[in-house]
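The values are calculated or read from the model by the stated rules, or taken from the named source; none is laboratory data. Remember, predicted model here, so these are calculated numbers, not experimental data. Every residue, glycine as well, gets a Cβ built from its backbone with ideal geometry; the counts of neighbours run over all protein chains shown. These accessible areas exclude ligands, DNA and RNA; they are computed on the full protein's heavy atoms, side chains included. Shrake-Rupley method; radii C 1.70, N 1.55, O 1.52, S 1.80 Å.
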Amino acid sequence: MIIEKIINNNIVLTHDHKNKEIIAMGKGIGFGRKKGDSLSESEIEKVFRIKENEMLLKFQDMIADIPIERITLTDDVISYAINVEKLKLSQSIYLTLVDHVNFAIERFKEGMTPENALMWEIKRFYPQEYALGLYTLRLINDRIGLSLPDSEAGFIALHFVNAQYSTHMKETLSLPHLMRDIMDIVKSELNVELNENSIHYERFVTHVKFLIQRLYRNEMPHDDDTIFEDMMKEKYPEEFECGKRIAEYIEVETRSKITRMEMTYLAIHIKRVTMAEE
């Protein structure tokens with residue numbers, strides 16, 4: 001491998017065997033070297049392959065001033081999320097999470113431990129992502145010796161939500177409130193309490209999360225089954241109206257359009273989750 005650019009003593013820009021631009025990281029691999037020098041694969045500890053050129057440039061600039069152990073730690077968390085937790089994440093997670101972990105550590109060292117106003121909603125509606133936040137805190141404690149507060153696990157969780165939905169962080173911050181309000185609509189419209197430990201509740205929450213994800217990704221199903229829609233409207237009018245009410249609320253909050261088919265799916269899940277409470 002030929003070094004294309006020295007980012008710092010531990011990080012360089014080079015190309016792999018397919019001539020794809022990569023960021024290579026390893027203790028001292030950039031020290032005393034210059035552009036055009038050769039680099040052996042045995043010296044490399046971590047490799048970052050970022051497809052989008054603009055994102056690659058931003059990543060280079062950002063990691064130049066971040067300690068190598070924090071970058072390695074964050075990469076290990078992302079690898080765990082992808083390979084063990086099976087999350088599908090946009091490559092933006094490398095930018096946002098490395099930056100946040102570094103910032104969180106610096107903030108903690110300066111004695112700042114901010115509260116997270118969304119903790120309850122994050123734990124309730126994004127337990128997998130919150131667990132990844134806690135996993136990150138454990139690695140920080142084990143490797144760096146700092147015990148960050150659980151509120152940071154909530155902030156980290158939102159970065160994983162953001163990378164799955166491909167949204168801006170401003171939109172991601174609204175998602176926990178959105179989920180809470182949708183559950184409140186079901187309870188108030190149908191006058192029912194929901195069992196948050198039931199499988200039907202879990203499936204309903206999952207369906208709503210994927211619905212919102214499809215909205216942001218512009219992957220709405222086509223309205224090609226009006227017979228099924230008419231059947232649901234006639235057989236379960238209250239649940240259908242509740243689904244319509246939720247769809248209208250989501251449309252306003254996300255500035256997107258929900259198809260009638262999606263509205264029908266909502267009604268089905270609402271019927272299932274309320275049947276379990278009867």
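For segment 5-48, what is the accessible area per residue in Å² when the probe is 1.4 Å?
Per residue, segment 5-48 has an accessible area of 58 Å².
Place +1 on the Cβ of every Lys and Arg and -1 on the Cβ of every Asp and Glu in the chain, take the dipole about the Cα centre, and give the residue among Val101, Ser256, Leu194 whose Cα lies farthest towards its positive end.
Highest projection toward the positive end goes to Val101.
List the aspartates and glutamates whose Cα sits under 13 Å from the Cα of Lys20, skipping any in the same chain fewer than 8 residues away.
Within the straight-line cut-off, Lys20 pairs with Glu4, Glu52.
With only alpha-carbon atoms in the gyration tensor, what are the semi-axes of the equivalent ellipsoid for segment 154-201, in Å, largest first?
26, 13, 8
Give, in whole angstrom and from largest to smallest, the semi-axes √(5λ) of the equivalent ellipsoid of the chain, with λ running over the eigenvalues of the Cα gyration tensor.
44, 22, 14
Along the charge dipole of the chain, which of His269, Ile68, Tyr130 sits closest to the positive end, that is, farthest toward it, with unit charges on the beta carbon of Lys, Arg, Asp and Glu (+1, +1, -1, -1)?
Among His269, Ile68, Tyr130, the one farthest towards the positive end of the dipole of the chain is Ile68.
Leaving out ligands, DNA and RNA, and with a 1.4 Å probe, what % of the accessible surface on the chain is carbon or sulfur?
The value for the chain is 48 percent carbon and sulfur by accessible area.
Mind checking which of Asn162, Met1, Gly111 is farthest towards the positive end of the chain's charge dipole, using Cβ charges of +1 (Lys, Arg) and -1 (Asp, Glu) about the Cα centre?
Met1
Give the range of the longest stretch in the chain that excludes all trypsin sites (Lys or Arg not before Pro) found in loop regions by DSSP and having at most 13 other beta-carbon atoms within 10 Å.
Formally, the longest exposed-site-free interval is 89-216.
Rounded to the nearest 10 degrees, what's the angle between the helix 150-165 long axis and the longest principal axis of the chain, both from Cα atoms, 0 to 90?
80
Under unit Cβ charges (Lys, Arg +1; Asp, Glu -1), what dipole magnitude, rounded to 20 debye, does the chain have relative to its Cα centre?
Dipole about the Cα centre, nearest 20: 900 debye.
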